[in-house]
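Below is one structure, written out as structure tokens; the observations come after it.
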Amino acid sequence: MKRTRLDADEAPLWKRLGWMALIWAGSVTGLGLVSLAIRFWLK
């Protein structure tokens with residue numbers, strides 16, 4: 001049977017940490033944009 005994706009345990013540590021950092025950066029950016037929109041809306 002051919003496997004097409006890696007299990008979480010088989011993915012290299014740098015790749016798992018990279019995804020975590022990317023998700024974190026995206027969430028921080030998203031929250032920043034929401035806070036800016038609220039600031040402009042309240043002014």
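Taking T4 as the residue in question, decide whether it is among the hydroxyl-bearing types (S, T, Y) and at pLDDT 95 or above.
Numbers: among the hydroxyl-bearing types (S, T, Y): yes; at pLDDT 95 or above: no.
So T4 does not fit the description; no.
Among (1) surrounded by 10 or more Cβ atoms within 10 Å (Cβ to Cβ); (2) at pLDDT below 95, there is one condition L36 misses while meeting the rest; what is its number?
Only one criterion in (1) surrounded by 10 or more Cβ atoms within 10 Å (Cβ to Cβ); (2) at pLDDT below 95 is unmet by L36, namely (2).
The values are calculated or read from the model by the stated rules, or taken from the named source; none is laboratory data. Everything numeric here is computed off the predicted structure, so don't read it as measured data. In this analysis, Cβ positions are derived from the backbone assuming ideal geometry, glycine residues included, and neighbour counts consider all displayed protein chains.
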